[in-house]
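Structure first, commentary second.
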Amino acid sequence: MNSSAVFNVSLVLYLVATVAYFVYLAFRNEKVGLAATLVTVVGFLVQTAAIGLRWRESYAMGFGHIPLSNMYESMVFWSWSIILIYLIFERVYRNRALGVVAAPLGFLAIASISIAPNISQEIEPLVPALQSNWLTVHVITSFLGYAAFTISFGVSILYLILSAEKRKDAFYVVGMASLVTMFTLFAATMLDFLVQKVAGVAQPHLFAASFASHSSGVKIVSWIAAVGIFALFWYVGALYHERLAALFPGLRILDDLSYKMIMVGFPLLTLGIVTGAAWANYAWGTYWSWDPKETWSLITWLIYAAFLHARFTAGWRGKSTAVLSVIGFAAVIFTYIGVNFVLSGLHSYG
Amino acid sequence: MVEEKQTSPPPADAPPAVVTKPWYDPLLSFFSSVHVAVVTLIILASISIIGTVLQQKNIGEVADNLRLFQDFFGDAGRAQRAFDISERIGFFHLYQTWYFYALLGLLSTSLIVCSLRRLPQTWRIMARPKVELEESGFKASPNRRTLSLRLPRAEAAAVAAAALKKGGFGKRESDRDDAFYLFGQKGAYSRLGIYATHFSIIMIFVGGLLGSVYGFKAYMQITEGETSDQIMMRGDESRMATLPFKVRCDDFQVDYYPGGQRPKDFFSTLTVIDQGKELPAVRIEVNTPLQYDGIWFYQSSFGDTGRGLKASIRAVDLKTGAGHDLSFTGSETLEVPGTGVRLQMQRIFPDFAQDEQGRPTSRSNQAKNPVAAVQVLLPDGTSKLTYLFKLRPDLKTVAGLPVDLTLVDFSSLQYTGLQVVYDPGVWVIWAGCTLMVFGLWFAFFSSHRRVWVRLREVGGKTEVLLAGNANKNRERFTEEFERLGDAIHAVGEARG
């Protein structure tokens, strides 16, 4: 079997796990919870096997490198890291509440990259500078860090949405806006996929069937739809606020989980930056060159450093730190994806 | 920083303390304020964004920024004005501006002042803990438990001490008439993690400063077989400098991926010649540098010099089908045996192109599109000029020749491009980075756990008060604390 097919199996398993974690939270049934964990573990093992398979395929093609070298491979690894960090967390803290955040995020990461048009899934040979063991260490530490921040972000959105008393609460609006942004981005990618695969119309770039369409009519409709989705979520979310809040762990637990994830992510991001600097020094003799990717990773680091000080020393709690976690994650996404699309630099991807 | 105040209210009858604060106290308060630190971090993060949007000197093309402004403003005049202003306030070398350094200075000052202010208190908590548990402390403790053991006080104390020792707590004791006190702690060093992290940032700044003041970055090109000690300083392209020793490039090689133009790896064999003495040759490649006398040589680029050209042309006699390989090293004339046809090499274009007037030219010395211009001298005394394309052997510019000509091989002497770096601060940087990673580990994942025990005889039994706290991961500690209480209780019951 080829590795892409195996990735699809793990994709399905993460979707099943997502549903199972929701059912577990709704009914607090330990058996369902155990089943959710088992499905996630199996999905994780399948995904690990698929990464191994892809690695072997690269040797068969004569390049032979760890599958961490382009956008597709890195997104797959991101998903893998989210699930790994979550599973360790579940084991150490004996708490399944985060499954409802981690499983869908793990699913979304592979799903969106698998269906996005114009993202090459080919195994490519490496340019000389990338042929280094530092690549492995640098990418693994960075992505484990990203994954922890991703989970923290998911929990912080939940916190912002659930902690609001009123639907006009600014924090509630920020939380909902973040949720709807994620939802809309995924829906738009899905639309590209459907138009390309089902309708058979080739899509030249991402969101060509919606926000980035050449037709201004489609663009306007997409924006109206996005605003409509936001209005719906925003209204309904507040309407069923009580029931939603009853579904999830208490606010104090969410706040604590979000911050614990940042505590895990921060040293990993630090290691990622340090190993990147060490590698750059070994390859070019410059540990830091203010390349946009480097600078953005530093910006991300500074934001999370501010988070930790605000939380530890200044005693911020709850909504304000949740907003900082959302801002931090926006910086992570920009560092990982945005820099490559908007700015220029040394990195071929995240 | 994680701190718990360990203050006890002053006795009610004590006179109010008169403390005159030194004049610089407001300054210290300012720099040690966490708000100042957080604001500095946020400002640094925000201002750094500018330098990622605008091309920076020595990294990108500053001129590209003008185009960026034009796209943004849609008006050439305003774009030019924005460009001039940005240049004047240093946005094109943002990370070297005085205000960026000032922000780093503010951050360092804040780190140092805040650490120095808090360190003494942390040290007191670690090294001089309060051993005796008071009633108020017991009541305020997040973890507390009361046991009653049917043992004499001294024996109960021994049981508790053994339990603390087993739990890995270092212990201190205090024996008073009315009560016996035990105190145990572990993981106290975790409180130092954050100081180590803060100090590591200062180390990294110092390392960076050392490198920029005493180090240099340069570039050198050496042609195969040649020796050089000339380097071109980076950031100042016209300034050449001389190394205290010479470097010879013995050989240069490129490996390509199968079937492609993509280089897989490139290597140089270098020999250092120091005061006439040759050192053993070293083969370097991308990601494997050479170090000599503190100076590092990194494989960074390569190319053809356009000198020492060699071309090999295959000529096939169309009458007999016999093929001959002719090698040219200059503009010599060679005869194709048995045909009476002579070939004169006119010129070789490593990277063929046509200029504006349509004349053949070479864009570079790189062998991207080698073309040979050959004068074919025919036996009847006439001659024809033909161009041979290495990449397009099917392309014939002249028809009706008695021989079929193809350019089969082309090479010229290659040069190796080396990054030459001397950075005395780099070890300070790595020491700082290592310290930071360990510091963060201790700061986040280890916790200072403390347990207090008070034993007092009450009506033939010994009353044991247990209290404990941890500065991090408190849920875990509560479990540990309960286990400790259970253990003391179990042993006490068994003996009593």
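Some observations on this one:
- Look at (1) in contact (Cβ under 8 Å) with a residue 12 or more places away in the chain; (2) crowded, with 17+ Cβ neighbours inside 10 Å and you find that B:VAL437 fails only one, number (1).
- Residue among B:GLY225, B:GLY330, B:GLY321 that alone is touching a residue at least 60 places away in the same chain (Cβ under 8 Å), more than 14 Å from chain A (Cβ to nearest Cβ) and within 30 Å of B:ASN369 (Cβ to Cβ): B:GLY225
- Of the strands (runs of 3 or more DSSP E) that lie entirely inside region B:196-306, those containing 3 or more residues that are aliphatic (A, V, I, L, M) span B:216-223, B:227-233, B:240-256, B:263-274.
- Yes/no for B:ALA399 being at pLDDT below 90 and either closer than 30 Å to B:VAL254 by Cβ or part of a strand (DSSP E or B) (or both): no
- Single residue of region A:280-304 satisfying the filter (more than 22 Å from A:VAL342 (Cα to Cα) and surrounded by 22 or more Cβ atoms within 10 Å (Cβ to Cβ)) that is farthest from the chain's Cα centre (by Cα): A:GLY285
- Every residue from region B:376-396 that is modelled with pLDDT under 85, farther than 18 Å from B:HIS324 by Cα and surrounded by 14 or more Cβ atoms within 10 Å (Cβ to Cβ): B:LYS396
- Among the residues making up region B:193-241, those that are closer than 28 Å to B:VAL272 by Cα, open to solvent by 40 Å² or more (accessible area, probe 1.4 Å) and β-branched (Val, Ile, Thr) are B:VAL213, B:THR227.
- Summed over region A:115-137, the residues that are open to solvent by 30 Å² or more (accessible area, probe 1.4 Å) and over 24 Å from B:VAL254 (Cα atoms) give a count of 7.
- The set of residues in region B:55-75 being more than 10 Å from chain A (Cβ to nearest Cβ), hydrophobic (A, V, I, L, M, F, W, C) and either open to solvent by less than 60 Å² (accessible area, probe 1.4 Å) or under 32 Å from the mean Cα position of the chain (by Cα) (or both) consists of B:VAL62, B:ALA63, B:LEU66, B:LEU68, B:PHE69.
- Hits in region A:207-244 (condition: at pLDDT below 90, open to solvent by less than 40 Å² (accessible area, probe 1.4 Å) and within 28 Å of A:THR321 (Cα to Cα)): A:GLY237, A:ALA238, A:HIS241
- Selection count, region A:64-96, where residues are touching a helix residue (DSSP H, G or I) at 6+ places or on another chain (Cβ under 7 Å) and assigned to a loop (DSSP other than H, G, I, E, B): 7
- Scan of region A:306-326 for residues that are facing chain B (nearest Cβ under 8 Å), in a helix (DSSP H, G or I) and either surrounded by fewer than 22 Cβ atoms within 10 Å (Cβ to Cβ) or not hydrophobic (A, V, I, L, M, F, W, C) (or both), ordered by number: A:HIS309, A:ALA310, A:PHE312
- Residue in region B:267-280 that is within 12 Å of chain A (Cβ to nearest Cβ) and under 30 Å from A:ALA60 (Cα atoms) present: yes
- Taken together, the residues in region B:40-54 that are of a type in the set (S, T, N, Q), farther than 11 Å from B:LEU103 by Cα and more than 7 Å from every other protein chain (Cβ to nearest Cβ) amount to 1.
- Positions within region A:149-188 being aliphatic (A, V, I, L, M) and assigned to a loop (DSSP other than H, G, I, E, B), in sequence order: A:ALA164
- Hey, A:VAL339 at pLDDT below 85 and either within 12 Å of chain B (Cβ to nearest Cβ) or in contact with a Cys (Cβ under 8 Å, 6 or more places away or on another chain) (or both) or not: yes
- When residues of region A:50-103 are limited to those that are among the acidic types (Asp, Glu) and open to solvent by 10 Å² or more (accessible area, probe 1.4 Å), the one nearest to A:VAL39 (Cα to Cα): A:GLU90
- Criterion applied to A:TYR93, A:TYR72, A:TYR21, A:TYR59 was being among the aromatic types (Phe, Trp, Tyr) and closer than 22 Å to A:LEU191 by Cα, and the one residue passing it is A:TYR72.
- Count of residues meeting criterion [within 23 Å of the chain's Cα centre (by Cα) and either more than 23 Å from B:ALA127 (Cα to Cα) or outside any helix (DSSP H, G or I) (or both)] in region B:408-458: 20
- Against the test of being open to solvent by less than 70 Å² (accessible area, probe 1.4 Å) and touching a residue at least 12 places away in the same chain (Cβ under 8 Å), the options B:GLN419, B:GLN346 yield a single qualifying residue, B:GLN419.
The values are calculated or read from the model by the stated rules, or taken from the named source; none is laboratory data. A quick note: this is a predicted structure, and the numbers were derived from the prediction, not measured. Every residue, glycine as well, gets a Cβ built from its backbone with ideal geometry; the counts of neighbours run over all protein chains shown. The protein model used for the area step is the full one, side chains on, heavy atoms only, and it has no ligands, DNA or RNA in it. Shrake-Rupley method; radii C 1.70, N 1.55, O 1.52, S 1.80 Å.
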